[in-house]
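What follows is a set of notes on a single structure, which appears directly below.
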């Protein structure tokens, strides 16, 4: 339990963003590793609320893998993240 609290506190206090969206794609920092995806690699995504609690997840399907990322504790609200993803992915499809 102490280890989990330590890791969460360390992550919250670090300056490393967990999710970065840009016109080129997205970057996910998770458990000391970083994954980058170009928008053309993103096949599908959705923001969902956990059925058993107040936690929101970004479910991401890419050409490489399927990911489920907890976004509840990020600076932006889940609705804002969803809106940003819509903007970036729709602009990608327009060319």
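The values are calculated or read from the model by the stated rules, or taken from the named source; none is laboratory data. Everything numeric here is computed off the predicted structure, so don't read it as measured data. Cβ placement follows ideal geometry from the backbone for every residue including glycine, while neighbour counts extend to all protein chains displayed.
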Discussion item. I'm trying to understand the selection: among the residues of the stretch 20-44, which are under 18 Å from residue 76 (Cα atoms), exposed (fewer than 15 other Cβ atoms within 10 Å of the Cβ) and out of contact with any helix residue (DSSP H, G or I) (no Cβ under 9 Å at 6 or more places or on another chain)?
Written reply: 20, 30
Practice prompt. Test residue 47 against the criterion of being at pLDDT 90 or above and not in a strand (DSSP E or B), and give yes or no.
Written response: no
Worksheet item: From the list 82, 51, 64, which residue is exposed (fewer than 13 other Cβ atoms within 10 Å of the Cβ) and touching a residue at least 24 places away in the same chain (Cβ under 8 Å)?
Response: 64
